[in-house]
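Some notes on the structure that comes next.
The values are calculated or read from the model by the stated rules, or taken from the named source; none is laboratory data. These numbers come from a predicted model, not from an experiment. With ideal geometry, Cβ positions are generated from the backbone for all residues, glycine too; neighbour counts draw on all protein chains shown. Quick note on the areas: whole protein, heavy atoms, side chains included, nothing else; ligands and nucleic acids left out. Shrake-Rupley method; radii C 1.70, N 1.55, O 1.52, S 1.80 Å.
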Amino acid sequence: MAMTTAARGALLVTLAFALGGCSVASRHKPVERPRTTVPSGSNVPAPPADVFDIPDAVPRAEPRGTRGNPPFYVVFGKRYTVMDSSEGWVERGTASWYGPGFHAQSTSLGEPYDMYGMTAAHKTLPIPCYAEVTNLRNGRKVVVRINDRGPFVGDRIIDLSYTAAAKLDMLLQGTAPVEVRVVGPGSPTGSAAPPVLPVAPNPPAPEPPPVTVVNAPAAKPPGVTAMFIQAGVFQDHENARRRVEQLLAAGIELASLDEVARDARALHRVRIGPFATVEEYDLNMARLKKLGITDARLIIE
């Protein structure tokens, strides 16, 4: 049967509305819940159904952790210097996320890692601190509490929890270009303003005066982390005493002898320090190598 002009026009209008409705519906399609695979045999619980509803971390004033904040540390032969302050820190780079293989393990701060919390790991920011992370691909933002060290792969600057990665919509890709901006209590977050480009860290605080200790246990102010070099651990007290005499004869005046408990035994430890600066530490390590002492290592007390 032939279709009249009026009928054909009505059909075209109906199709236009139908197609337009599909287009609008596709633009407003809700974001799918993230999916991941929990390794077989793992005791990691399945992702919560309401992962998108888990609130962001809320910045609050916290003391610098007694763990995870040495003056520096070495991973894969590379030295990382922990920042004195995180105030005003902004940087851009690649984010990744870590999950089941690390769930419930101890973080650098000493807390168990919760892949469903709103946390992250950073190589040099003092911990704990808080940061707003923006996915530069889609503009999504989250606020996380940084309580761990890492990541130590390529150009990655931050390792996010599963939940933080889900909320940034980067689970499937595994990585994303991000901006990391440290925030504190009362800081505005979620701003649509153009991000600030990376800035240099704050200058280091003035060095404290060096402490001189001659063949005696070194003291330090309460709550202050001190750097020492362990220059040997001996079962025999006489061998430890000879090591101290060797160091003193070589002009290393901060050498001392103390006892440490290990496997229900008292061992005799030779240590050097404390050192006020990393430069002092490096200088004394070089002097030990010249003396043929190659097993010396950093200890923090």
| Does ALA165 count as buried (at least 24 other Cβ atoms within 10 Å of the Cβ) and under 19 Å from ARG67 (Cα atoms)? | no
| message | Cβ contacts < 6 Å: first residue farther than 15 Å from GLU179 by Cβ and in a loop (DSSP other than H, G, I, E, B), restricted to segment 129-157; second residue of a type in the set (Val, Ile, Thr) and open to solvent by less than 50 Å² (accessible area, probe 1.4 Å), any location; separation 6+ or different chain. Result? | response | PHE152/VAL75
| request: Hey, can you tell me all the residues within segment 246-277 that are over 16 Å from LEU298 (Cβ atoms), of a type outside the set (A, V, I, L, M, F, W, C) and in contact with a Leu (Cβ under 8 Å, 6 or more places away or on another chain)? | output: GLN246, GLU259, HIS268
| request: Scan segment 169-186 and report the pairs whose first residue is at positive phi and whose second residue is surrounded by 13 or more Cβ atoms within 10 Å (Cβ to Cβ) and assigned to a strand (DSSP E or B), with Cβ atoms within less than 9 Å and a gap of 6+ or a chain change. | output: ASP169/ASN135; ASP169/ALA176; GLY174/SER96; GLY174/TRP97
| request: Mind listing just one residue for me: the one in segment 236-266 that is assigned to a strand (DSSP E or B) and small (Gly, Ala, Ser) and, of those, surrounded by the most Cβ atoms within 10 Å (Cβ to Cβ)? | output: ALA255
| message | Consider segment 122-132. How many of its residues are open to solvent by less than 10 Å² (accessible area, probe 1.4 Å) and of a type in the set (Phe, Trp, Tyr)? | response | 0
